[in-house]
Structures are given as C-alpha cells and as structure tokens.
Amino acid sequence: MRIDCHVHGNPDDFAGDAGVYVAACRQRGIEAVVLIEDLATCLRAVDKFGDFVIPVVRVQMDAAGVREIEEAIAAGGKGIKFIRPAAPYGDERYWPLYDALERAGVPAIFHTGYLGFRQREERPVQMEYMRAAQVEVVSRRFPDLKILMSHYSNPWWDEAWKVSWTKDNVYADLSGGTAIHRSLNFWSDLFAPDGELFVPSIRKLCFGTDVRYFRAGEYPFEPYITFHDKLFDRIGLSAALREQINRGNIRALLNLT
Ligand SMILES: [Zn+2]
C-alpha cells in the first residue's frame with residue numbers, strides 16, 4: 001500500500017458513494033492521500049472521505065502571516081504548502097513563516113521547478129524562485145524544519161538530488177507530469193549510478209502523483225504506481241526501502257501516528 005503524498009481535488013465535484021470510492025482506491029494500492037488545497041476545501045474533503053484524506057493547507061505566501069499558518073495547523077492541517085512566491089523561497093521576507101513551522105514541528109511543502117500554465121499571469125512567475133537551490137537556502141537557516149520538495153525541482157533534477165541527499169530535513173517526490181516522462185535509464189542512473197544503488201540519494205523519496213482525485217470511476221494515479229514500481233525493480237530496491245518511500249517517509253514527515 002501507498003500514501004500518495006501530493007494530490008488535488010474538490011470534494012464538491014464528487015458524485016457517488018464516498019465509501020465505495022475510497023475502497024476502490026485502496027484496492028488499487030492507495031491507502032490515503034495528502035490533499036493540497038486551501039483550508040476550507042481540505043476540511044470539506046476530510047468530512048466526506050474521512051481518514052482517506054490527510055490535509056495539507058496551501059497558503060498565499062506573499063499575503064499570509066504567521067497567524068494564518070497557525071490557524072491552518074489548529075484546524076487540522078498536517079503541513080503547509082508554498083507556491084508562486086513573488087521573491088525566491090530563500091528570501092528573508094518569508095523567514096517568519098518558516099520559523100513558525102519549525103517551532104510547531106509542522107512541515108513545509110514547496111512546489112519546486114516548472115509550474116503549469118493555465119491563464120494569463122497578472123505578475124511575473126519565476127520558476128527560478130522555486131528551484132531546489134532556493135529550498136536549500138531555507139534548509140540551512142532552518143535545519144529543524146521538515147521540508148518536502150514537490151516535483152523534484154523539474155527540470156533542475158540534479159539540484160533536488162544533491163539537496164535531498166545532503167540535507168537531513170529535506171525530502172522529495174517525483175510527482176507531476178514530467179518525471180514519469182523521463183526514462184527509467186535516467187532515474188536509475190541518478191539513484192543507482194552504474195548499477196550500484198546509492199541509498200542516501202533515494203532514502204527520503206516519497207511516492208506521489210499530483211493528479212486529481214474524487215472523480216468516481218477514475219484512477220489517474222495508476223501510471224504513477226507502475227512508474228515507481230518499475231524504477232524500484234530496475235534499481236533492486238529492498239522491501240524495507242520500498243515501504244519507506246511508499247508510506248513510511250510521508251508518515252514521518254507529517255507526524256502521522
Ligand atoms: Zn500539485
């Protein structure tokens with residue numbers, strides 16, 4: 001079984017029996033999902049889908065203050081998601097937010113790398129502000145802040161590899177629509193160069209997809225399960241490390257008991 005560490009969805013769109021939907025996801029290998037939405041959406045999803053949903057609250061990081069973060073945590077948020085910053089993630093203007101999370105023992109989830117495009121932007125959106133090198137700045141200043149880098153800093157894969165390998169507090173995932181389109185040769189060479197597994201580079205990976213849930217009869221996570229399992233087979237990953245990546249790491253990161 002796996003916990004999907006990065007998903008989206010609106011429970012209001014769901015028409016059907018929530019219990020049947022959860023059972024179908026679990027039968028296909030997903031025991032729970034980390035839902036990344038605003039606080040109200042997260043809470044409605046927990047209402048409808050129960051412990052299948054682990055809420056992580058997305059905040060507007062250039063508008064949110066420490067109080068909003070504290071309220072999200074008090075309401076049940078297991079982590080706080082940051083995205084679309086007006087300045088690089090490492091900028092000191094954001095340090096009070098990171099400091100609040102570090103003190104609360106609640107993780108920061110950073111969108112890293114390329115950001116999907118849907119509509120004309122009102123202000124510049126810089127993917128460079130969201131690359132792993134910026135998360136590295138944060139991890140140096142806040143070594144006790146637990147961090148998850150979503151999407152492995154696409155396309156700055158090497159930065160994500162180095163930062164998650166060397167920083168004890170930084171985890172990473174291959175969620176999103178890009179990593180699964182790189183070859184298994186590419187990923188196996190990263191995690192098992194010349195065929196030899198390099199455990200420090202993969203031990204803090206978390207299974208994740210970035211797909212939308214809560215559509216009855218649709219299971220878009222399935223290609224991601226196939227991709228990860230193929231990669232694990234290719235590099236000869238032990239059962240213990242698979243378990244860690246599939247569910248153990250995200251449980252530890254989000255303080256799930
Ligand atoms: Zn996402």
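The values are calculated or read from the model by the stated rules, or taken from the named source; none is laboratory data. Values in this document were obtained by computation on a predicted structure and should not be read as measured data. As a convention, Cβ positions derive from the backbone with ideal geometry for all residues, glycine included, and neighbour counts pool all protein chains shown. These accessible areas exclude ligands, DNA and RNA; they are computed on the full protein's heavy atoms, side chains included. Shrake-Rupley method; radii C 1.70, N 1.55, O 1.52, S 1.80 Å.
Side notes on the structure shown:
- Label separation (H181 vs V125): 1.6 nm, computed from points 7 Å beyond Cα along the C-beta direction.
- In the context of the full set of protein chains, the chain has a per residue accessible area of 45 Å² (1.4 Å probe).
- Cβ-based net charge around R247, under 9 Å, with every Lys or Arg adding one and every Asp or Glu removing one: 0
- Restricting the calculation to Cα atoms, every distinct pair contributes to the Kirkwood radius of the stretch 1-106, found to be 14.8 Å.
- Flagged links, alpha-carbon separation over 29 Å, of K48/K230; K81/K167; K48/K167; K78/K162: K48/K230; K48/K167
- Each Lys or Arg adds one and each Asp or Glu takes one away; over the other residues whose Cβ falls under 12 Å from the Cβ of V66, this sums to -3.
- Relative contact order of the chain: 20 percent, from C-alpha pairs under 8 Å at least 6 residues apart in sequence.
- Largest GNM mean-square fluctuation across F117, F142, F207, computed for the chain with C-alpha springs under 10 Å, falls on F117.
- Taking T178, T257, T209 and ordering them by how much accessible surface each has at a 1.4 Å probe, largest first, produces T257, T178, T209.
- For the options G208, G195, G105, a Gaussian network treatment of the chain with springs between C-alpha atoms closer than 10 Å singles out G195 as fluctuating the most.
- Max mean-square fluctuation residue, GNM over the chain, Cα-Cα springs under 10 Å, options Y213, Y89, Y152: Y213
- Reference-scaled alpha-carbon Rg (2.2 N^0.38 Å with N residues) for the chain: 0.96
- Centre-to-centre, using Cα atoms only, the stretch 1-62 and the stretch 134-204 are separated by 25 Å.
- Global geometry of the stretch 121-257, whether rounded, prolate or oblate, following the gyration tensor of its Cα atoms and the 1.5 cut on a/c: rounded
- Largest accessible area first, the residues I36, I83 order themselves as I83, I36 under a 1.4 Å probe with ligands, DNA and RNA left out.
- Computed from point charges on the beta carbon alone (+1 for Lys and Arg, -1 for Asp and Glu), the dipole magnitude for the chain about its Cα centre is near 160 Debye.
- Nonpolar atom fraction for the stretch 2-253, defined as the carbon and sulfur part of the 1.4 Å probe accessible area, stands at 47 percent.
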